[in-house]
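Q: Below is one structure. I have some questions about it.
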Amino acid sequence: MNQRMIRAVRQIVKRIVYRPWKIRRMGKDSRVMPPYWLYNPQCVEIGARCSVGQFTKINPLIEYNGTPQSGEIILGDDVHIGGFTQIHSMHRLEIGDGCVLSEHVYMSDVAHGFDPAAGLIMKQALESKGPVRIGKQVFIGYGCSVLPGVTLGDHCIVGTRSVVTRSFPAYSMIAGSPARLIGSFNHDTGRWEKLK
């Protein structure tokens, strides 16, 4: 077999192994590492040169307990998602170009109803404080959770195991549970600086 045929066979194998079937859009040179759980692939877009790690769960909801949902999950170009990450959406969840999500990240615009008078939690209607929007080149550390209604501006850094319950502007460094601002990027000095 000549080199051209070997390359062609490798490309075919990569498409079969690393490119999920029926996905709405998947850019060139992107891969989703098996095993993975990808629900409702027609509601998922993955840009070019993305890497999604093993055991990741991507779940845009189209129905819950008989109620229609409009879940969409959109990844920009050059997004890296570490293994064991979970991404859920009942509306829209966007991750911008060049973002890095470490392993075991949880991100969702979905919350269960917790009305004590409404019966079983799993039978209650879902709730949401709004979509999740992650700007460009955001780094989200190991084991973080990003909750409904959160927007993170471009170039934010989220420290390990943080729980992000509210939005932060571009160039913020945040950490904690709940996450709070601990620093920002100083454009004059070209450095990240901690709050005093």
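Q: From Phe168, Phe185, grab the single residue that is crowded, with 19+ Cβ neighbours inside 10 Å and either charged (D, E, K, R) or over 20 Å from His104 (Cα atoms) (or both).
A: The unique qualifying residue is Phe168.
Q: Something else: Can you name every one of the strands (runs of 3 or more DSSP E) wholly within segment 1-90 that holds 2 or more residues which are in contact with an Asp or Glu (Cβ under 7 Å, 6 or more places away or on another chain)?
A: 72-75
Q: State all residues of segment 91-124 that are farther than 17 Å from Ser162 by Cβ, in contact with a strand residue (DSSP E or B) (Cβ under 6 Å, 6 or more places away or on another chain) and assigned to a loop (DSSP other than H, G, I, E, B); if no residue qualifies, say none.
A: Gly96, Asp109, Val110, Gly113
Q: Look at segment 49-68 and say how many of its residues are in contact (Cβ under 8 Å) with a residue 24 or more places away in the chain and in contact with a Pro (Cβ under 8 Å, 6 or more places away or on another chain).
A: So the answer is 2.
Q: If I filter segment 80-88 for residues that are under 12 Å from the mean Cα position of the chain (by Cα) and either at positive phi or of a type in the set (Asp, Glu) (or both), do I get at least one hit?
A: Looking for residues that are under 12 Å from the mean Cα position of the chain (by Cα) and either at positive phi or of a type in the set (Asp, Glu) (or both), one finds at least one in segment 80-88, hence yes.
Q: Only residues that are outside any strand (DSSP E or B) and either among the polar types (S, T, N, Q) or under 10 Å from Val100 (Cα atoms) (or both): list them for segment 127-145, please.
A: If the condition is that a residue be outside any strand (DSSP E or B) and either among the polar types (S, T, N, Q) or under 10 Å from Val100 (Cα atoms) (or both), then Ser128, Lys136, Gln137, Val138, Gly141 are the ones that fit.
Bear in mind that the values in this text are calculations on the coordinates, not laboratory data. The structure displayed is predicted, hence computed values, not measured ones. We place every Cβ from the backbone using ideal geometry, glycine too, and count neighbours over all the protein chains shown.
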